[in-house]
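*Asks:* Quick one: this structure, given as structure tokens, is what I'll be asking you about.
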Amino acid sequence: MHETVLWVLGNGTVHAKTLIMTWVVMIVLLAFVFLGIRKMTNGTPGKLQNVLEWIIDFVRGLISDNMDYKKGSSLLTYLLSLIMFVLFANLIGLIPNIFAPLLSHVEFARINEMFGGAIFSARTTTLQSPTADVNTTFALSTITIILVLVYGLKYKGAHYFKHFLEPYPPFVILHVIDFIAKPLTLAFRLFGNIYAGEILIAVILMIPGIFAFGGIIPMPFWLIFCVFIGVIQSYVITILTVAYVGQAIEEEH
Amino acid sequence: MNPFVIGFSNTIASVAAAGPTTNSPLHFDYTYFVQLISFLILVWILARYAWKPLMKIMESRRQFIADNLAQAEQERKDAEKIRLEYQQEMLKARQEAQSIIEKATKNSEKRAEEILIEARKETEKIKQGALADIERERDRAIADVKAQVIDMSIAVAEKIIQHQLDMRGQEALIEQFIQEVGDRPC
């Protein structure tokens, strides 16, 4: 992969392309959702409203499968936003960067460095997924582990910490590792899947010589597979969040 | 100076010159916090303006359908009740009609009987009247015959008196008259 352009913010830096793509994803997602609820009706729903309602029902099903729905219903809006955001973020990385020649002349905020370039260059051939940035996935998994803590404390109080010592106090080591591993695996799983997908797109385009055009043959298969991975990963991070929270608030057994 | 102002001026500065870059895919920096905050803002916007209204709509539709189902059930029950009522009423009406027909039949039979009896009486009366008339006619006829016999007797007597002179021929004459009278019906 090419080098990541950094914007300087205070005494630190931010990943410029990740932020821009995050904003793009948010705009697309908000447009999608608000188009869907624009003509909201409790009569016969429109197509887009139907899709949104199906997603709501789907996520509601995930929650009620993993915990008492009364306890988990407050998670619903967060999980809906999560699954939609991750899905859109995963898929946006597969869109070809058709603006590359145009943007190669924009020097503002170093956009030319991020998006510019020849249209066939592997460097800028597709847009970048926000989820192909380890910061984004860690931000998401941080929220998950905070939710686990908050829900555990909310429904079990201080009693929640007792399970760290079960069945015997020495097991606290395993429980702590488990507690740390949860957000780590969540973050790296999503990041790894999406980042690898984008790298492979670049690699396929870099197939040399007579096979350079050969990218045309493997590329569609890889893109289809990437779509599949993107959908699966958005589902996985959502259901794992539900499962972890469900574990934290489940009754003693 | 405010670190954000510094950051912003640095950002502006970085526009011109080639700024910092990184090659590490595992490079952590402020992006983490920015993503955290922007994602939470996205969650808030979606929850506040999209999911909650949408779920309210779905709930109201659910309620609407439940109400409709309950209403339909109620209407079905009402219809069933009305159907039963109609059935009973129809049964009653049929029975009534049956009884009316029976009554009418009975009445008509009775009436026919009455008419027959009356007719018979009338016939009897007419017959009696006719018999009486016949009797009267016969009596009158007999009386007439009697009167004729008397007249004839007188005529015979006159004829006898007229032919007294011819005494010889008297007997033959009487015989002739008696013969004449005997041939007549009385």
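*Asks:* Does any residue of the stretch A:179-188 turn out to be under 20 Å from A:Lys17 (Cβ atoms) and polar (S, T, N, Q)?
*Replies:* Within the stretch A:179-188 (the criterion being under 20 Å from A:Lys17 (Cβ atoms) and polar (S, T, N, Q)), the answer is no, since none of the residues qualifies.
One line per residue, one yes/no per condition, for (1) more than 23 Å from B:Phe28 (Cα to Cα); (2) in a helix (DSSP H, G or I):
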site	(1), (2)
A:Leu149	yes, yes
A:Tyr155	yes, yes
A:Pro167	yes, no
A:Val172	yes, yes
A:Phe179	no, yes
A:Lys182	no, yes
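*Asks:* If you don't mind, there's one more thing I want to ask. Quick check on my filter: what residues within the stretch A:226-238 are over 11 Å from A:Leu186 (Cβ atoms) and either touching a His at 6+ places or on another chain (Cβ under 9 Å) or of a type in the set (A, V, I, L, M, F, W, C) (or both)? Talk me through it step by step, then tell me what you get.
*Replies:* Within the stretch A:226-238, the first condition is being over 11 Å from A:Leu186 (Cβ atoms), and the residues that meet it are A:226-232, A:234-235.
Hits for the stretch A:226-238 are A:Cys226, A:Val227, A:Phe228, A:Ile229, A:Val231, A:Ile232.
*Asks:* Say we look at the stretch B:1-47 and pick out the residues that are part of a loop (DSSP other than H, G, I, E, B) and modelled with pLDDT of 80 or more; which of these is surrounded by the fewest Cβ atoms within 10 Å (Cβ to Cβ)? Walk me through how you get there before you give the answer.
*Replies:* Within the stretch B:1-47, the subset part of a loop (DSSP other than H, G, I, E, B) is B:1-2, B:17-20, B:23-30.
Next cut, modelled with pLDDT of 80 or more only: B:20, B:24-30.
On the way: B:Pro20: 13, B:Ser24: 9, B:Pro25: 14, B:Leu26: 11, B:His27: 17, B:Phe28: 13, B:Asp29: 18, B:Tyr30: 20.
Ranking the candidates gives B:Ser24 first.
*Asks:* Still on this structure: Within the bounds of the stretch B:75-89, is there any residue that is within 30 Å of A:Glu53 (Cβ to Cβ) and either free of Cβ contacts under 8 Å to residues at least 24 places away in the same chain or open to solvent by less than 100 Å² (accessible area, probe 1.4 Å) (or both)?
*Replies:* Narrowing the stretch B:75-89 to residues within 30 Å of A:Glu53 (Cβ to Cβ): B:75-76.
Pick out the ones that are also either free of Cβ contacts under 8 Å to residues at least 24 places away in the same chain or open to solvent by less than 100 Å² (accessible area, probe 1.4 Å) (or both) and you get B:75-76.
Yes, the stretch B:75-89 contains a residue that is within 30 Å of A:Glu53 (Cβ to Cβ) and either free of Cβ contacts under 8 Å to residues at least 24 places away in the same chain or open to solvent by less than 100 Å² (accessible area, probe 1.4 Å) (or both).
*Asks:* Report whether or not A:Val51 is crowded, with 16+ Cβ neighbours inside 10 Å, hydrophobic (A, V, I, L, M, F, W, C) and at negative phi.
*Replies:* No; evaluated as a whole, the condition is false for this residue.
*Asks:* A further question follows. I'm trying to understand the selection: among the residues of the stretch A:20-30, which are within 18 Å of A:Ile194 (Cβ to Cβ) and either more than 7 Å from every other protein chain (Cβ to nearest Cβ) or crowded, with 22+ Cβ neighbours inside 10 Å (or both)?
*Replies:* Of all residues in the stretch A:20-30, those within 18 Å of A:Ile194 (Cβ to Cβ) come to A:20-26, A:28-29.
Answer for the stretch A:20-30, where residues must be within 18 Å of A:Ile194 (Cβ to Cβ) and either more than 7 Å from every other protein chain (Cβ to nearest Cβ) or crowded, with 22+ Cβ neighbours inside 10 Å (or both): A:Ile20, A:Met21, A:Thr22, A:Trp23, A:Val24, A:Val25, A:Val28, A:Leu29.
Listed here are the residues, each with its yes/no results for (1) small (Gly, Ala, Ser); (2) touching a Gly at 6+ places or on another chain (Cβ under 7 Å); (3) within 11 Å of chain B (Cβ to nearest Cβ).
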site: A:Glu3; (1), (2), (3): no, no, yes
site: A:Leu6; (1), (2), (3): no, yes, yes
site: A:Thr13; (1), (2), (3): no, no, yes
site: A:Asp68; (1), (2), (3): no, no, no
site: A:Leu87; (1), (2), (3): no, yes, no
site: A:Leu91; (1), (2), (3): no, yes, no
site: A:Asn97; (1), (2), (3): no, no, no
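*Asks:* Of all residues in the stretch A:99-119, count the ones that are away from chain B (no Cβ under 14 Å) and either open to solvent by less than 10 Å² (accessible area, probe 1.4 Å) or in contact with a Leu (Cβ under 6 Å, 6 or more places away or on another chain) (or both).
*Replies:* 2
The values are calculated or read from the model by the stated rules, or taken from the named source; none is laboratory data. What you see is a predicted model, and the numbers here were worked out from it, not measured in a lab. Cβ sites come from the backbone with ideal geometry, for glycine too, and all protein chains shown count toward neighbours. Protein only, heavy atoms only, side chains kept; ligands, DNA and RNA dropped before computing areas. Shrake-Rupley method; radii C 1.70, N 1.55, O 1.52, S 1.80 Å.
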